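In what follows, a structure is listed as structure tokens, so that the remarks can point back to it.
Every number here is computed from the coordinates shown, using simple stated rules; none is lab data. Since the structure is predicted, the reported quantities are computational estimates derived from the model, not experimental observations. Cβ atoms come from the backbone with ideal geometry, glycine included; neighbour counts cover every protein chain shown.
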Amino acid sequence: MTAKKKTTTRKSKILAAVHKTAKGFHGAGVMDQATMREFDALCLTPVEPLKPAEIRALRTREHVSQPVFAHYLNVRKDAVSKWERGEKRPDGPSLKLLNLVKAKGLKAIA
């Protein structure tokens, strides 16, 4: 697991350096806006779908109830309940926030 983190960190540093260089090229007029958008997209944090058990484990890891978790995510309590039962799946901004909480904890979105 540690090796995976190191690889991810290296990749992030490399992408950050490439992105910085691309911004410089774009600022100098050497790179067009469409190409710059491609570099921006490369630097986005990946969003992975979460299984119901993962969502519940994430919430319990953070020691919060469904209504409190829902409040942090700006969704209804029913949504969290349905996600945890597998009746619905989070998507869009909710899924992005869940991935952020998974990576950095609830304080990252507080």
> If each residue's Cβ is checked for other Cβ atoms within 10 Å, how do HIS63, HIS19 rank with the fewest at the top?
Replying inline: HIS63, HIS19
> For the stretch 52-110, with only Lys/Arg (+1) and Asp/Glu (-1) charged at the beta-carbon, what is the dipole magnitude about the Cα centre, in debye rounded to 20?
Replying inline: 60 debye
> Using 0.36 nm per residue, how much length does the chain from LYS88 to ALA28 gain when fully extended, once their Cα-Cα distance is taken away?
Replying inline: 16.9 nm
> Which value results when the Cα radius of gyration for the stretch 60-110 is divided by 2.2 N^0.38 Å?
Replying inline: 1.03
> What are the ³J(HN,Hα) values, in whole Hz, obtained from phi via the Karplus relation 6.51 cos²θ - 1.76 cosθ + 1.60 with θ = phi - 60°, for each residue of the stretch 88-93 in sequence order, with x given for Gly and Pro?
Replying inline: 9, 10, x, 8, x, x
>> Explain nothing, just compute: Karplus ³J(HN,Hα) = 6.51 cos²θ - 1.76 cosθ + 1.60, θ = phi - 60°, for every residue of the stretch 80-86 in order, whole Hz, x for Gly and Pro.
In response: 4, 4, 5, 4, 5, 8, x
>> Between VAL68 and LEU100, how high is the FRET efficiency from 1/(1 + (r/R0)^6) when r is the Cβ-Cβ distance and R₀ = 25 Å? Nearest 0.05.
In response: 0.90
> Given a Förster distance of 30 angstrom, what is the FRET efficiency for ILE109 paired with HIS19, based on the Cβ-Cβ distance and rounded to 0.05?
Replying inline: 0.80
> Which value, in debye to the nearest 20, gives the size of the charge dipole of the chain about its Cα centre, when Lys and Arg are +1 and Asp and Glu are -1 at the Cβ?
Replying inline: 500 debye
> If we sort 31-43, 93-105 on the protection proxy, mean other Cβ atoms within 10 Å, highest first, what's the order?
Replying inline: 93-105, 31-43
> Can you list the residues, at least 5 places off or on another chain, whose amide H is less than 5 Å from the amide H of LYS88, using H built in the peptide plane?
Replying inline: TRP83
>> Restricting the calculation to Cα positions, tell me the Rg (one decimal) and the Dmax (whole number) of the chain in Å.
In response: 17.8, 52
> Given LYS20/LYS51; LYS51/LYS107; LYS13/LYS104; LYS13/LYS77, which pairs have Cα atoms separated by over 26 Å?
Replying inline: LYS20/LYS51; LYS13/LYS77
